[in-house]
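Here's the structure, in structure tokens; my notes come after.
The values are calculated or read from the model by the stated rules, or taken from the named source; none is laboratory data. If you're wondering where the values come from, they're calculated on a predicted model, not measured in any experiment. Glycine gets a Cβ as well: all are built from the backbone with ideal geometry, and neighbour counts include every protein chain shown. Areas reflect the complete protein model, heavy atoms only, side chains present, ligands, DNA and RNA absent. Shrake-Rupley method; radii C 1.70, N 1.55, O 1.52, S 1.80 Å.
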Amino acid sequence: MSHRTAVRHTRKAAAAMLIAVAALGLTACQDSETDASSSASSSVSASASTSSAPTSKAAQDSTASTPSGTPKKDGVKCTDQINYAGDTRPNAEINSIGEDTGYCPPVQGSTTSTPSGTPKKDGVKCTDQINYAGDTRPNAEINSIGEDTGYCPPVQGSTTSTPSGTPKKDGVKCTDQINYAGDTRPNAEINSIGEDTGYCPPVEK
């Protein structure tokens, strides 16, 4: 074999080796990119499923945390807004619930929060609006209930809150209509009851 022929064979072998090395390098790069792409895709998928979990939990908490009761009026205590007579909880506890939640809690042991009694007239005491003769409670207690609830409570021992007495004549004072001799109340008080209720109260002896 001549020297030129030997050199030619050597160059061909070297070129073939370079081509083989380059092909192996390209295959390795492609495999690396595929692995990186697959890893990134898995990471994004895991991140998405992780972030969706708190949203679902928050939605569940929001649904479950809606307070029950009556929406609280601004600047008004729950015990002034609703009649909690018969509820064994302290007023402070009831009002605290209202402040914290924005809802006045339902009256315990009752199916309704509507106060019983007669709607109170503005600026008129319950004891002036209704005849509580025979009711053993102090006037202050009766009037306090009226102020707190907006309703004059029913007369205890009575099934009705309709005032007792004599229907008042239009334009005539009770003290001119009925003889209150012996009644220790001032005429002004007697006439006020008549004006407020439409009934002249029974003579107190």
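Would you please calculate the Kirkwood hydrodynamic radius of region 121-205 over all C-alpha pairs and express it in Å, rounded to one decimal?
13.2
Just grab the label-to-label distance for residue 101 and residue 76, each label 7 Å out from Cα along the Cβ direction, in nm (one decimal).
Here the modelled spin labels are 1.9 nm apart.
For a quick check of understanding: with a 1.4 angstrom probe and all protein chains in place, what accessible area in square angstrom does residue 170 have, to the nearest ten?
That residue has around 150 Å² of solvent-accessible surface.
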